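Okay, structure first, notes after.
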Amino acid sequence: MIQENEIGAKTNRQGKVEDYFISPYSSALVWFGVCTFLVAVFLASQLGSQTKFFEGMPLEKQPGLWAAIGIVGMLIFGFFQMVQFWFHRNGLQAPGFVAEVLIWARAGEYVLWFMIYVSLVPLVGYLPTTLGFLLLMSWRLGYRKTKYFASAILAGVLIVVVFKSFLQVKIPGGAFYEFLPDALRSFAILYL
């Protein structure tokens, strides 16, 4: 049964809401929010040189539209988060700062995995890299049974078929494909 405690937060049988969130505005969260807002400011300063807007082209067809929408959204929400931190800050030496920063930093590992994946596609090819990446991610995330590896392979093949065949996304063929026989090389460059 859900009840309300003296500060108005709802509780349930497992425990109080406060047990799950020690401090809603820990210093690590504040620093992450500030850094994210600063990145958004930097990206906004680069909009004119890194994205293209052409005269006479409708707004919805502009190449830089979605980048601009995303960055403006980051600025707006980041600004309101800064205002919220200003009114609800706990100070910069809140307990658990290092532990929380490490949790946020762990997400950076997957950015590195993705960058490795992107750099391997032109060398090895889209299909082999995608299959290897999905198998490696399954293993890394602890899914180590045969059924999970089979699911990763199936997902990888479906991703490649959808992107290369149906959506006809132009992904460069892998340099490895140059070592294949002529008939297989052209097939691999077009579909794998």
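Worth a mention:
- Residues of the range 138-186 satisfying the condition of being open to solvent by less than 100 Å² (accessible area, probe 1.4 Å), over 22 Å from PHE114 (Cβ atoms) and in a helix (DSSP H, G or I): ALA150, SER165, TYR177, ALA183, LEU184, ARG185, SER186
- Residue count for the range 123-167, restricted to those that are touching a residue at least 12 places away in the same chain (Cβ under 8 Å) and on the phi > 0 side of the Ramachandran plot: 1
- Wholly enclosed helices (runs of 4 or more DSSP H) of the range 1-87 bearing at least 2 residues at pLDDT 75 or above and farther than 22 Å from LEU102 by Cα: 27-45, 47-50
- Each residue in the range 105-128 was checked for being open to solvent by 80 Å² or more (accessible area, probe 1.4 Å) and of a type in the set (A, V, I, L, M), and 5 pass.
The values are calculated or read from the model by the stated rules, or taken from the named source; none is laboratory data. In this text the structure is predicted, and so the values were computed from the model without any measurement. When we count neighbours, we look across all protein chains shown, and the Cβ atoms used for this are built from the backbone with ideal geometry, even at glycine. What goes into the accessible areas is simple: the full protein's heavy atoms, side chains included, and nothing from ligands, DNA or RNA. Shrake-Rupley method; radii C 1.70, N 1.55, O 1.52, S 1.80 Å.
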